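Asks: Before anything else, here's the structure in question.
Derivation of every value follows stated rules applied to the coordinates shown; laboratory data play no part. Note that this is a predicted model, so its numbers are computed, not measured. A quick note on method: Cβ atoms are made from the backbone with ideal geometry, for glycine too, and the neighbour counts reach across all protein chains shown.
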Amino acid sequence: MPGSRLHPARSIGAPQLTNTRAILLDIEGTTTPIEFVHQVLFPYARARAREFLQRHASDEAVRADIELLRREHALEHPRPANLPPWDPADELKSAEAFVYWLMDRDRKSTGLKSLQGKIWEAGYRAGALKGKGEVYADVRPALARWHEAGKRIAIFSSGSVQAQRNLFANTIAGDLSAFLSGYFDTTTGPKRDALSYEHIATELRCRPEDVLFISDVAAELDAARSAGMRTALCVRGAPPETANGHPVIHTFAEL
């Protein structure tokens, strides 16, 4: 019925892990509250983007990010009226303006995510973010349980691999990196593209059907299911309009 909402009690039961060799996890809304990412990490990177770009302008890795941002800027078609121009004579200023523009739109830009990861890395090293990475209370016990059962556990997020590693090594529940055996970001492919999940299964040395992908976004799960993976929709708050036929869980303790 129009306007009806999915009720958790009517959803498909949580999948069993008996035949699962690997568990692939999203971050925002799945392992980590969205609020932490949007209210802590994003503002931290935004406030330091200008200084970081200026201080590290000669670093090869940062130059690579700027070049990637330049290419992404050139691919903006049709060009939005409010897109800041790219001035080849002042690439630092151009990159900074484009970064802010991308942040304002929460774009899953590979160049932006790579740069953010470097800014957060500096924050972890300086102690400003160390031990502050939020994860839900059920995450550490589940990772330990799955790891003990011999499951491979990996992450697939739009945030860079570097950002993922730092987050899980510096959580409020301690260092969780020992439980994780793989990290994947948008360099693997878009999260709503089935081919990305085929690549991940290959990297994990598993058949797609032996991998369980857990995310709070049904469209991502649709892509994983199209690739042959098993799926579970993680609902941490209000139930979604539809689960698109994916089993629904509310905590990792259900698995």
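Asks: Exposed loop GluC sites (Glu not before Pro) only (DSSP loop, at most 14 other Cβ atoms within 10 Å): please give the longest stretch of the chain free of them, not including the sites.
Replies: Formally, the longest exposed-site-free interval is 77-240.
Asks: Can I ask one more? For Ala219 and Ala137, what is the calculated FRET efficiency with R₀ set at 35 Å and r taken between the beta-carbons, to the nearest 0.05?
Replies: Efficiency for this residue pair is about 0.80.
Asks: Grab the Cα-Cα distance for Arg46 and Asn244, subtract it from 0.36 nm times how many residues apart they are, and report the gain in nm with one decimal.
Replies: Stretched out fully, the Arg46 to Asn244 stretch lengthens by 67.8 nm.
Asks: Which value, in debye to the nearest 20, gives the size of the charge dipole of the chain about its Cα centre, when Lys and Arg are +1 and Asp and Glu are -1 at the Cβ?
Replies: 340
Asks: Can you report the principal axis dimensions of segment 90-166 using only the alpha carbons, biggest first, rounded to whole angstrom?
Replies: 53, 25, 17
Asks: Using only the alpha-carbon atoms, how far is helix 42-55 inclined from the longest principal axis of the chain? Give it as 0 to 90 degrees, nearest 10.
Replies: 40
Asks: Right, something else. For segment 9-52, what does the alpha-carbon gyration tensor say about shape, rounded, prolate or oblate, given a ≥ b ≥ c as the root eigenvalues, a/c under 1.5 as rounded, and a/b over b/c as prolate?
Replies: Oblate shape, in that a/c is at least 1.5 and b/c is the bigger or equal ratio.
Asks: Mind checking which aspartates and glutamates have their C-alpha under 19 Å from Lys93, skipping anything on the same chain fewer than 8 residues away?
Replies: Within reach: Glu51, Asp59, Glu60, Asp65, Glu67, Glu72, Glu76, Asp104.
Asks: Mind checking which of Asp106, Asp65, Asp222 has the largest fluctuation in a GNM of the chain, springs on alpha carbons under 10 Å?
Replies: Asp106
Asks: Where does the charge balance sit around Asp175 when Lys and Arg score +1, Asp and Glu -1, over other residues with C-beta under 11 Å from its C-beta?
Replies: Net charge around Asp175: +3.
Asks: Rounded to the nearest 10 degrees, what's the angle between the helix 91-104 long axis and the longest principal axis of the chain, both from Cα atoms, 0 to 90?
Replies: With both axes taken from Cα atoms, the answer is about 30 degrees.
Asks: For the chain, what is the convex hull volume of its Cα atoms per residue in Å³?
Replies: Cα-based convex hull of the chain, divided per residue, equals 141 Å³.
Asks: Shifting gears a bit: Can you put Val40, Val248, Val62 in order, fewest other beta carbons within 10 Å first?
Replies: Going from least to most buried by this count: Val40, Val62, Val248.
Asks: What does the C-alpha gyration tensor say about the overall shape of segment 37-126? Classify as rounded when a/c is under 1.5, otherwise prolate if a/b is larger than b/c, or oblate.
Replies: It comes out oblate by the Cα gyration axes.
Asks: Same structure, new question: Most exposed first by the Cβ proxy, i.e. fewest other Cβ within 10 Å, how do Asp90, Asp216 rank?
Replies: Asp90, Asp216
Asks: Follow-up question, since we're still on this one. Under a GNM of the chain (C-alpha, springs under 10 Å), which listed residue has the highest mean-square fluctuation: Arg79, Arg107, Arg145?
Replies: Of Arg79, Arg107, Arg145, the Gaussian network model singles out Arg79 as fluctuating most.
Asks: Roughly speaking, what is the stretch gain from Ser177 to Leu92, that is 0.36 nm per residue apart minus the C-alpha to C-alpha distance, in nm to one decimal?
Replies: 27.2 nm
Asks: Evaluate the charge dipole of segment 37-126 about its Cα centre and quote only its size in Debye, nearest 20, assuming +1 on the Cβ of each Lys and Arg and -1 on the Cβ of each Asp and Glu.
Replies: 240
Asks: Rank Pro88, Pro80, Pro190 by mean-square fluctuation in a GNM of the chain with C-alpha springs under 10 angstrom and give only the top-ranked residue.
Replies: Comparing Pro88, Pro80, Pro190 in a Gaussian network model of the chain, the most mobile one is Pro80.
Asks: Quick check: the angle from helix 110-126's long axis to the longest principal axis of the chain, C-alpha only, nearest 10 degrees?
Replies: It is inclined by approximately 90 degrees.
Asks: Have a look at the DSSP beta bridges in the chain and tell me what percent are antiparallel, nearest 5.
Replies: 5
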